[in-house]
Amino acid sequence: MEGVIDFIDFDNALSTTGNGFSFQIGGIFKLSQEFRLGLTYDSPTWYTIEEETSQFLDTSELVNQNIDALDPQIVNIYPEYKLQTPGKFTGSLAYIFGQQGLISFDYSNKNYANTTFKPEVDYTDLNADITNALTSASTYRFGGEYKVKQLSFRGGYRFEESPYTNGVTVGDLNGFSLGLGYNFGNTKLDLTFDQAKRSYQTSLYNVGLIDTVDIDRVNSNITLSLSFNI
């Protein structure tokens with residue numbers, strides 16, 4: 001009786017390594033004793049990426065328990081490619097009322113459609129898909145802080161537009177944060193709670209059952225920090 005294979009193990013290992021470079025410039029302008037204006041530019045990030053794969057296969061027979069392994073110890077090295085992610089512009093305005101606190105508003109914009117794989121001649125279709133699927137997205141942040149002696153109260157709200165043209169693959173993000181701090185002098189204790197909500201629409205499979213499902217994701221974080229002034 002010939003053995004019947006009852007177990008197959010196939011490993012496909014992908015190794016990705018790379019490095020990147022980016023820079024940021026900005027400034028804060030004092031318009032008056034109370035108002036501050038800030039401008040920031042985050043450059044694109046230029047990545048250089050290398051990938052390689054290795055594979056391993058072994059099988060087990062049901063009857064005589066023979067184990068056959070295939071390990072060619074061959075590493076497939078793929079050509080190096082480059083990835084450029086988009087830059088971002090940010091503008092901010094803050095109103096400071098004495099030593100009691102401040103109110104601030106930030107606006108930033110990033111064009112995700114500018115994501116580019118290079119050499120472009122090798123990634124024409126992929127870059128075209130990115131340009132068609134992604135778009136420019138803005139982020140709005142509003143927050144404030146108020147101090148009562150050693151106590152400080154903080155709160156904020158943020159809204160991020162979907163980076164997708166259809167607006168549903170990854171939906172808009174709504175989030176808020178609340179914080180409480182106490183200043184002991186050279187030591188500060190802070191407690192923060194933040195929550196963000198975003199919806200997603202995706203297919204479970206690439207072929208066959210390609211109906212989309214809607215996912216509502218809520219991320220909540222509680223952070224307690226202790227800082228020292230030296």
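Points worth noting:
- Selected residue (criterion: surrounded by the fewest Cβ atoms within 10 Å (Cβ to Cβ)) from residues of segment 18-32 that are polar (S, T, N, Q) and assigned to a loop (DSSP other than H, G, I, E, B): Ser32
- Failed criterion for Thr212 (all others in (1) among the hydroxyl-bearing types (Ser, Thr, Tyr); (2) in contact (Cβ under 8 Å) with a residue 40 or more places away in the chain; (3) farther than 28 Å from Tyr107 by Cβ hold): (2)
Residue by residue, here is whether (1) more than 30 Å from Ser32 (Cβ to Cβ); (2) modelled with pLDDT of 95 or more; (3) of a type in the set (S, T, N, Q); (4) surrounded by 15 or more Cβ atoms within 10 Å (Cβ to Cβ) holds:
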residue	(1), (2), (3), (4)
Phe97	no, no, no, no
Thr115	yes, yes, yes, yes
Thr131	yes, yes, yes, yes
Ser138	no, yes, yes, no
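- Val63 passes every criterion in (1) modelled with pLDDT under 95; (2) not in a loop (DSSP other than H, G, I, E, B) apart from (2).
The values are calculated or read from the model by the stated rules, or taken from the named source; none is laboratory data. Nothing here was measured: the structure is a model prediction, and the numbers come from that model. Neighbour counts are summed over all protein chains in view; Cβ atoms, including those assigned to glycine, are modelled from backbone coordinates with ideal geometry.
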